[in-house]
Protein chains: 4
Amino acid sequence: MKPLQRERTFTWEDPASSATKALQLSGLDFLQAIANGEIAVPPILKTLDISVGSPQNGGITFSFYPQEFHYNPIGMVHGGVISTILDSAMGCTLHATLPAGTGYTTVELKVNFLKAVSIKNGLLTATGRVIQSGSRIALTEAQLTGADGAIYAHATSTCLIIKRDLSLA
Amino acid sequence: MKPLQRERTFTWEDPASSATKALQLSGLDFLQAIANGEIAVPPILKTLDISVGSPQNGGITFSFYPQEFHYNPIGMVHGGVISTILDSAMGCTLHATLPAGTGYTTVELKVNFLKAVSIKNGLLTATGRVIQSGSRIALTEAQLTGADGAIYAHATSTCLIIKRDLSLA
Amino acid sequence: MKPLQRERTFTWEDPASSATKALQLSGLDFLQAIANGEIAVPPILKTLDISVGSPQNGGITFSFYPQEFHYNPIGMVHGGVISTILDSAMGCTLHATLPAGTGYTTVELKVNFLKAVSIKNGLLTATGRVIQSGSRIALTEAQLTGADGAIYAHATSTCLIIKRDLSLA
Amino acid sequence: MKPLQRERTFTWEDPASSATKALQLSGLDFLQAIANGEIAVPPILKTLDISVGSPQNGGITFSFYPQEFHYNPIGMVHGGVISTILDSAMGCTLHATLPAGTGYTTVELKVNFLKAVSIKNGLLTATGRVIQSGSRIALTEAQLTGADGAIYAHATSTCLIIKRDLSLA
């Protein structure tokens, strides 16, 4: 007997408007506007059902409940989902420190997967931290932790800081 | 005016049956059965609309067309999507070399993002390669390339090879 | 005129005896014996003039004064020297947590170089920390800091934990 | 009985003159001048007894014979020595592609240690390759191989490319 098919429907908003605002606002204002619902949540977060926290404490947190549509072929959450949430936490935590007109791009991402993640784990939260930020390069880290404090994954990321020409925006 | 909402519906199959077969088949037979449609495609590939190629040439390739639901807030494909396809290409290329009863787990993943990816890029393909595989540890790499041969991202990954007790499966 | 030649002479002890003791002692006892001078300091530390601290507080620290013989062709301490001290701090901090008969091997090392290091920097100290240690894999990190608290480099490392057969030692 | 002390004396030349020439020459000319003996070999290579090959084929190779003064406390070549030679091979291979007035700095280095290295291994050679080089960021890789073709270590490195103001040199 063939296994039952599962189905999911999700929605997202045109990301073009948020891309424009990312150039005009400081990182903190941009992220606050996403948390407030004034700027559309990035589509990838809707696709993977990841929630973004409010930037009120400096660092930005992201969280998700592991679900079957996150799974790899051996019944665990795919490492790419874990990489996505950790990358988001690191990038946005850095972004929150940058003034308007300054952007960043992730140059490299390194993730260590410490424990298998499945539906049984419940809510998992990624918390980013800036280790060091210079004029051109920043180093960030993030951890994915469970409600019990266990660390499921750890990541570091190198970002390139880019001063954009606002007159073109 | 609020931007128009976009909507997408996708389906996947219960991953429990594929997890059981992953223990019973050699890696190559398991991946061939996924390519043939005899074993369900992993849910994460349906979620992100990534296609898996046939393992006929040893290395396993994965490909995708960048779409808006892959996007980060600044109008580009999120690095997590790129990490997912590269991780899949590396893991499955290693898996294809392992006999029945031997599994693996990804210990760490390192991705360098070399070019921004957007809808304009068209089909992108991830191709894995095993750099070295020992009795306990394997090192793999993968590249994400466009139809024009440009490299959009490069990754390496360390995997732990695990001999499973088949009598328990 | 050719630049003046510089010369340095250093000594070390046969590492064979310390390798044997590494199998017989707990990691903490082994490192304490090196700090006390009962077991020979590893040759590489004599070669690079790196000092090892006492393991009294759990984490093991290493320190060095940048010197000209550490330099790359552009007048800075070579990244390999920084990698060596960070790798030592991470490996020994992990080793200090392992019982007799249990060893480890470094699978991969990732270093971010945050500030150029030269003779002007004075004493630099590498401090390791175990992020997580399981039955087979451990993840560690280390920082290289100056007397002023500035971070010159940051590293993470994945180690494989190996139970050795003591009857063969 | 205490183990016999070993002693080694080595020399190097003032690195200040090579640092100045690094700004004035193209990378290829600079490396050719080091290979020819016209510019002093970097001190760290003398310290670790690593040899630099001629850049005649584009990629720069470095080689060394494992020696006891490279050892860690458990009787193997320390991973930091392996990191040093791989970092050198990657950095110089990139440097050889850069025009006069353009320098680089290593942002991050990632090394996978694949086989233990000891005196028994004989000559080992590190060969670098540029995976991709853009206007600001380059990604490189290198392998450490034995005379028998076995791969002992693999590395990748991200470099920041820096245009220097030659009028200040």
Kindly provide the set of residues from the stretch A:5-24 that are part of a helix (DSSP H, G or I) and open to solvent by less than 60 Å² (accessible area, probe 1.4 Å), ordered by number. A:Ala16, A:Ser17, A:Ser18, A:Ala19, A:Ala22, A:Leu23
Exception for B:Phe69 within (1) at pLDDT 95 or above; (2) over 16 Å from the mean Cα position of the chain (by Cα); (3) open to solvent by 10 Å² or more (accessible area, probe 1.4 Å) falls at (3)
Restrict the check to the stretch A:32-47 and report whether at least one residue is of a type outside the set (Phe, Trp, Tyr), more than 11 Å from chain B (Cβ to nearest Cβ), crowded, with 20+ Cβ neighbours inside 10 Å and closer than 19 Å to A:Tyr104 by Cβ. no
Please pick out the residue among C:Val111, C:Val117 that is β-branched (Val, Ile, Thr), surrounded by 17 or more Cβ atoms within 10 Å (Cβ to Cβ) and closer than 21 Å to B:Leu109 by Cβ. C:Val111
Identify all residues within the stretch D:9-40 that are over 19 Å from C:Ile119 (Cβ atoms) and within 15 Å of the chain's Cα centre (by Cα); write none if there are none. D:Gly27, D:Leu28, D:Phe30, D:Leu31, D:Gln32, D:Ile34, D:Ala35
With the first residue restricted to the stretch A:112-130 and required to be more than 14 Å from chain B (Cβ to nearest Cβ), and the second required to be among the aromatic types (Phe, Trp, Tyr) and open to solvent by 40 Å² or more (accessible area, probe 1.4 Å), Cβ contacts under 8 Å at 6 or more apart or on different chains are A:Gly122/A:Tyr65; A:Leu123/A:Tyr65; A:Leu124/A:Tyr65
Residues to consider are A:Gly53, A:Gly59, A:Gly27; find the one that is more than 8 Å from chain B (Cβ to nearest Cβ) and open to solvent by less than 10 Å² (accessible area, probe 1.4 Å). A:Gly27
So, of the residues in the stretch B:134-157 that are hydrophobic (A, V, I, L, M, F, W, C) and at the interface with chain D (Cβ under 10 Å from one of its Cβ atoms), which turns out to be surrounded by the fewest Cβ atoms within 10 Å (Cβ to Cβ)? B:Ala150
I'd like to know if the stretch A:78-87 contains one or more residues that are over 25 Å from A:Glu108 (Cβ atoms), in contact with a strand residue (DSSP E or B) (Cβ under 8 Å, 6 or more places away or on another chain) and within 7 Å of another protein chain (Cβ to nearest Cβ). no
Filtering the stretch C:1-24 down to residues that are hydrophobic (A, V, I, L, M, F, W, C) and more than 7 Å from chain D (Cβ to nearest Cβ) yields C:Met1, C:Leu23
Suppose we filter D:Ser63, D:Ser54, D:Ser88, D:Ser83 for residues that are hydroxyl-bearing (Ser, Thr, Tyr) and in contact with a His (Cβ under 9 Å, 6 or more places away or on another chain); which single one remains? D:Ser88
Is at least one residue of the stretch D:90-103 under 27 Å from C:Leu160 (Cα atoms), modelled with pLDDT of 95 or more and not hydrophobic (A, V, I, L, M, F, W, C)? no
Assess whether C:Ala126 counts as being more than 22 Å from B:Glu108 (Cα to Cα), crowded, with 20+ Cβ neighbours inside 10 Å and under 12 Å from the mean Cα position of the chain (by Cα). yes
Per the list (1) at pLDDT below 95; (2) in a helix (DSSP H, G or I); (3) open to solvent by 50 Å² or more (accessible area, probe 1.4 Å), residue check on A:Lys2 breaks on (2)
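The values are calculated or read from the model by the stated rules, or taken from the named source; none is laboratory data. Keep in mind it's a predicted model, so treat the numbers as computed, not measured. As a convention, Cβ positions derive from the backbone with ideal geometry for all residues, glycine included, and neighbour counts pool all protein chains shown. Surface accessibility is based on the protein's heavy atoms, side chains included, excluding ligands, DNA and RNA. Shrake-Rupley method; radii C 1.70, N 1.55, O 1.52, S 1.80 Å.
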